[in-house]
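Laboratory data are not the source of any read-out in this text; all were calculated from the coordinates shown. On a predicted model such as this, the values are computed, not experimentally measured, just so you know. Here the Cβ is made from the backbone with ideal geometry for all residues, glycine too, and neighbour counts use every protein chain on show.
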Amino acid sequence: MDLKLVFESGDVVLIGVFVLMLLMSIVTWCLIVLRCIKLYQARKGNAAVKRHMSDTLPLGDAVEKVRAVDAPLSKLVQEALQSYRNYRRSEASELAQALPLNEYLVIQIRNSMAQIMRRFDYGMTALASIGATAPFIGLFGTVWGIYHALINIGQSGQMSIAAVAGPIGEALVATAAGLFVAIPAVLAYNFLNRGTKTLAQDLDAMAHDLHVRLLNQKDS
């Protein structure tokens with residue numbers, strides 16, 4: 001199958017399908033590379049934060065150690081301690097009097113977790129959309145190419161197998177291109193989604209630990 005022949009003999013619609021497949025493939029692989037790097041860095045940073053938190057008993061000292069680590073857990077720890085300090089500084093306010101420390105920390109920690117996880121959501125919708133639509137776009141290109149190939153063959157009056165096989169075979173490349181784009185997108189989506197869930201589990205476990213340690217904190 002000669003892609004050059006497709007671009008030479010294909011019409012605007014068929015060429016547009018292949019250009020779209022190319023753009024979708026570029027977007028897919030760019031997202032795969034960027035998201036995998038970000039996921040690896042997050043896991044590596046989280047591992048360092050876990051070590052610091054388990055090796056250092058005073059929470060304030062542990063926070064000072066994890067402050068230099070760029071990781072989701074580091075951000076959660078810092079924001080949780082800052083929320084605790086803000087509450088202690090405003091214990092005379094109406095908010096502190098109406099809302100116990102326990103509930104206040106739960107709200108703030110949950111909000112921090114939600115904000116942190118949003119940084120790992122980018123690109124997932126694009127991967128899911130590409131994985132779901134690329135095969136159908138490729139199939140559309142194939143149907144369109146076969147339709148015009150048959151019209152051209154009918155107009156030329158050449159009904160031999162050789163005359164039919166060539167144009168139709170070239171049109172079928174569009175379906176293969178759709179699968180070539182969709183399969184990496186689906187696999188990447190599943191892998192990255194699993195990685196994101198693992199990060200969320202790490203944040204949830206750390207949130208419980210922080211909640212207990214902050215409630216038993218003697219001073220800030």
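Figures for the structure shown
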| quantity | calculated |
| --- | --- |
| Extension gain from Asn216 to Tyr122, taking 0.36 nm per residue of separation minus the Cα-Cα distance | 30.2 nm |
| Ordering of 139-149, 72-82 by packing [mean C-beta count within 10 Å, highest first] | 72-82, 139-149 |
| All-pairs Cα distance distribution in the stretch 11-84, expressed in whole percent, bin size 5 Å | 3, 15, 17, 13, 9, 7, 7, 6, 6, 5, 5, 3, 2, 0, 0 |
| Backbone N within the stretch 25-46 under 13 Å of label point (7 Å from Ser129 Cα along the Cβ vector) | 27-28 |
| Euclidean distance of C-alpha centroids, the stretch 174-215 and the stretch 96-120, integer Å | 22 Å |
